[in-house]
Amino acid sequence: MTAPFTETSECRALVLFGATGDLAKRMLWPSLYALHQDGLLPTGFQLIGAATSALTNEAFLTKVREAICVSANASLFEEVAFATFAQRIRYVTVDIQQTGGLDSIKGALRPGPGGVMFYLSTGPQLFGPICLALRDAGLIDPQSRITIEKPIGTDTETARQVNDAIAAAFDEHQVFRIDHYLGKEAVQNLLALRFANAIFEPLWNANAIEQVQITVAEAVGVDGRWPFYDSTGALRDMVQSHMLQLLCLVAMEPPAGFTPSAVRNEKVKVLWSLHPITGNNVETHTVRGQYTAGHTGSEAAVGYLEERGAAAASDTETFVALRVGIDNWRWAGVPFYLRTGKRMAKRSSEIMIQFKPAPFNIFADIGATLAPNALLIKLQPDEMITLTLMHKKPGMNEVKLAQVPLNLSVGETFGQSRRRIAYERMLLDVLRDNSALFVRRDEVEAAWKWIDGIIEGWQSTGYVAKPYSAGSWGPSAAIALTERNGHSWHE
């Protein structure tokens, strides 16, 4: 158990739109329950679930209980704790298209000091209408906060439209655009690794680093999400948000302080510095792929076009690999390789920073070869940081060298504490008005502007998705993407 909530909070309640949806059941209610059990929610803090379904409060609480019991936090479930958690919860039916459709929220909110957190766990087409309905209902005040999920638009223009609609009801400092990857412990450790240790920052540049790889691989397919995914694809779904955020944390300059403005100022500078990928270089700097039938582990897997709800034909990419350049003094000439896909060989999210080789091998005369040092930051399924160094093998006769990993495992170092859902951190940061790890409007639109160039390049060149077998590491063209520079993917 952590210490109870002791900070003075401006919020007195959370209103969760889409309270019966998939994200709410898998992540949000289990996360809120864990925060409650750990004493991290303020006394009297209300939780109001809002959706269009006509449910009694008792029926809704049954759904919340079931969601917690099958979640990653199932081991935390206790009847006594849930009973006190349930006292915070009230379910209301809403209809934003009707005049007075939010009156049920007004009736459920208890009066008192502090603003209200609104969380939109809904389709992006509802972001604007909900924000305007909240404004028109008089539910927004200077202490209110709004949290929204990706995707925020499908290109630069639609992202601006969504952001404009939000801005018509909320000031920018009230808006929390969530990317749950930034709530992962290992991602936050990346900031500590870079800026709390003197040994890395002098080497964190093109003088010492040869290449950077960021991989977000999923073993699962799209399954029942085919209709949504087919209108999105891997580039819009993963690269525009998660992967570019990870790239920003790796490549950003040291911020002036760990404040929201300082951190996000440096992140957006990275996005402004991305070398454009357009029709002129899209075929040499990108790879599109779509999985076909194969095997994931020992189980047979169908191809993308055989998934549930699939159309007869589709060129939507389920795999993307990119070679990205950053045009600034720190990173000029260093390739950043980004790779993401579904039905890959295994589930793995990691960042690999490979340093340049030693300038001279004094051990060459005795037949020893040197491998470059590498820093590997694993995000999932295990969170671990590994620094690979050259080391002499024990022995009395001749000098033999081998690569040796120095591992920092959070579990081994700090004890086997519970692995938290990333949304726990993100929800707590919204409550505490800490937006450092949330995405600012100019970041969203800068990322989309760069992504738009790739999509337009694919369209202008007629670049079709290349097939790859389920259970592999993507199309063979992805190997060529790195080998053209004398590099190989870390696997």
Given (1) within 29 Å of Pro42 (Cα to Cα); (2) surrounded by fewer than 22 Cβ atoms within 10 Å (Cβ to Cβ), number of the condition Gly100 does not satisfy: (1)
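Is one or more of the residues making up segment 232-244 assigned to a helix (DSSP H, G or I) and farther than 25 Å from Thr286 by Cα?
no
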One residue from Ala165, Ala159 being in contact with a Cys (Cβ under 8 Å, 6 or more places away or on another chain) and under 13 Å from Arg441 (Cα atoms): Ala165
Residue that is modelled with pLDDT of 95 or more and either assigned to a loop (DSSP other than H, G, I, E, B) or surrounded by fewer than 16 Cβ atoms within 10 Å (Cβ to Cβ) (or both), where the choices are Ala83, Ala72: Ala83
Count of segment 136-147 residues which are within 21 Å of Arg440 (Cα to Cα) and part of a helix (DSSP H, G or I): 0
Residue within segment 71-93 that is touching a residue at least 60 places away in the same chain (Cβ under 8 Å) and in contact with a strand residue (DSSP E or B) (Cβ under 7 Å, 6 or more places away or on another chain) present: yes
Hits in segment 124-147 - residues which are more than 28 Å from the chain's Cα centre (by Cα) and surrounded by fewer than 16 Cβ atoms within 10 Å (Cβ to Cβ): Arg135, Asp136, Gly138, Asp141, Pro142
Residue list for segment 106-120, restricted to those being more than 15 Å from Leu132 (Cα to Cα) and under 30 Å from the mean Cα position of the chain (by Cα): Gly114, Gly115, Val116, Met117
Considering residues of segment 205-215 that are out of contact with any strand residue (DSSP E or B) (no Cβ under 8 Å at 6 or more places or on another chain) and open to solvent by less than 40 Å² (accessible area, probe 1.4 Å) only, the residue farthest from Arg264 (Cα to Cα): Ala206
Candidate set from segment 164-198 (those that are part of a helix (DSSP H, G or I) and of a type in the set (Asp, Glu)); member that is nearest to Gln380 (Cα to Cα): Glu185
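A quick yes/no check of all residues on (1) touching an Asp or Glu at 6+ places or on another chain (Cβ under 9 Å); (2) surrounded by 15 or more Cβ atoms within 10 Å (Cβ to Cβ); (3) closer than 24 Å to Ala159 by Cβ; (4) not basic (Lys, Arg):
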residue	(1), (2), (3), (4)
Leu246	no, yes, yes, yes
Ala256	yes, no, no, yes
Ser261	no, no, yes, yes
Arg264	yes, yes, yes, no
Val268	yes, yes, yes, yes
Leu271	yes, yes, yes, yes
Leu274	yes, yes, yes, yes
Enumeration of residues in segment 36-67 that are part of a helix (DSSP H, G or I) and buried (at least 23 other Cβ atoms within 10 Å of the Cβ): Val64
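I'd like the full set of residues that are in contact with a helix residue (DSSP H, G or I) (Cβ under 8 Å, 6 or more places away or on another chain) and either assigned to a helix (DSSP H, G or I) or surrounded by 16 or more Cβ atoms within 10 Å (Cβ to Cβ) (or both), limited to segment 482-491.
From segment 482-491, those in contact with a helix residue (DSSP H, G or I) (Cβ under 8 Å, 6 or more places away or on another chain) are 484, 488-489; that's our starting set.
Answer for segment 482-491, where residues must be in contact with a helix residue (DSSP H, G or I) (Cβ under 8 Å, 6 or more places away or on another chain) and either assigned to a helix (DSSP H, G or I) or surrounded by 16 or more Cβ atoms within 10 Å (Cβ to Cβ) (or both): just Trp489.
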Residue within segment 315-337 that is in contact with a His (Cβ under 7 Å, 6 or more places away or on another chain) and open to solvent by 40 Å² or more (accessible area, probe 1.4 Å) present: yes
Pairs where the first residue, in segment 52-63, is closer than 18 Å to Glu79 by Cα and the second is open to solvent by less than 80 Å² (accessible area, probe 1.4 Å) and part of a helix (DSSP H, G or I), C-beta under 6 Å, 6+ apart: Leu61/Ala86
Index of the failed condition, Asn397 passing every other in (1) at pLDDT below 85; (2) closer than 26 Å to Ile353 by Cα; (3) not in a helix (DSSP H, G or I): (2)
Members of segment 216-230 found to be farther than 21 Å from Glu443 by Cα and either open to solvent by less than 20 Å² (accessible area, probe 1.4 Å) or touching a residue at least 12 places away in the same chain (Cβ under 8 Å) (or both), listed by number: Ala217, Glu218, Ala219, Val220, Gly221, Val222, Asp223, Gly224, Trp226, Pro227, Tyr229, Asp230
Looking only at segment 120-151, and only at residues there that are of a type in the set (Val, Ile, Thr) and touching a residue at least 40 places away in the same chain (Cβ under 8 Å), the one that is farthest from Val94 (Cα to Cα): Thr147
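Table: residues versus (1) among the acidic types (Asp, Glu); (2) under 16 Å from Gly183 (Cβ atoms); (3) open to solvent by 30 Å² or more (accessible area, probe 1.4 Å); (4) at pLDDT below 90.
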{"residue": "Glu412", "(1), (2), (3), (4)": "yes, no, yes, yes"}
{"residue": "Glu424", "(1), (2), (3), (4)": "yes, yes, no, no"}
{"residue": "Leu427", "(1), (2), (3), (4)": "no, yes, no, no"}
{"residue": "Val439", "(1), (2), (3), (4)": "no, yes, no, no"}
{"residue": "Ala447", "(1), (2), (3), (4)": "no, no, no, no"}
{"residue": "Gln459", "(1), (2), (3), (4)": "no, no, yes, no"}
{"residue": "Ala465", "(1), (2), (3), (4)": "no, no, no, no"}
{"residue": "Pro475", "(1), (2), (3), (4)": "no, no, no, no"}
Tally of residues being closer than 14 Å to Glu443 by Cα and either crowded, with 18+ Cβ neighbours inside 10 Å or among the basic types (Lys, Arg) (or both) across segment 168-181: 5
Pair list, Cβ < 9 Å and 6+ apart or interchain, from segment 283-304 residues that are closer than 28 Å to Asn485 by Cα to residues that are part of a helix (DSSP H, G or I) and among the β-branched types (Val, Ile, Thr): Glu283/Thr461; His285/Ile454; Thr286/Ile454
Odd one out for Val287, checked against (1) crowded, with 22+ Cβ neighbours inside 10 Å; (2) over 20 Å from Ala465 (Cβ atoms): (2)
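The values are calculated or read from the model by the stated rules, or taken from the named source; none is laboratory data. Source: prediction; values computed, not measured. Reconstructed Cβ throughout: ideal geometry from the backbone, glycine too, with neighbour counts over all protein chains shown. Surface areas here come from the heavy atoms of the whole protein model, side chains and all, with no ligands, DNA or RNA. Shrake-Rupley method; radii C 1.70, N 1.55, O 1.52, S 1.80 Å.
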